[in-house]
Amino acid sequence: MRKYEGVIVLNTKGQEDSIEKMISDVGREIEAEGAKLEQIDKLGRHKFAYNARHLDEGFYVNFQFQADATTLPKLQNRLKLNPIVHLQNYHRKG
């Protein structure tokens, strides 16, 4: 198992009241791919430098987790299909 950190930008357009639910849904998807969540940090809402795919802003969340090397590509593909995930970026820790 390797340690990873992933910053995920949530598309909250029209769903501002359900941010907690959105974060827990993404966390469940991460765990469904076999990863073990260690920490979730809410980084808050930030405006984009440019209008990205018809969005002006997103809610940033930092997920820290442990997973096998084969899990990360599966996770990225799974979250690409989730309409609440606007952007995702991962890197290996340590």
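Since every read-out is calculated from the coordinates, none of them should be taken as a lab result. Bear in mind the structure is a predicted one, so any value in this text is a computation, not a measurement. In this analysis, Cβ positions are derived from the backbone assuming ideal geometry, glycine residues included, and neighbour counts consider all displayed protein chains.
Checked against (1) surrounded by 14 or more Cβ atoms within 10 Å (Cβ to Cβ); (2) among the aliphatic types (A, V, I, L, M); (3) out of contact with any Gly (no Cβ under 8 Å at 6 or more places or on another chain); (4) within 19 Å of LYS93 (Cβ to Cβ), ILE23 passes all but condition (4). Would you confirm whether or not the range 38-47 contains a residue that is loosely packed, with under 13 Cβ neighbours inside 10 Å and acidic (Asp, Glu)? Yes; the residues of the range 38-47 include at least one that is loosely packed, with under 13 Cβ neighbours inside 10 Å and acidic (Asp, Glu). Annotation note: Cβ proximity below 6 Å between a residue of the range 66-94 that is within 16 Å of TYR4 (Cα to Cα) and a residue that is of a type in the set (A, V, I, L, M, F, W, C) and not in a strand (DSSP E or B) (sequence gap 6+ or interchain) occurs for GLN66/MET1; ALA67/ALA35; THR71/ALA35; GLN88/LEU79.
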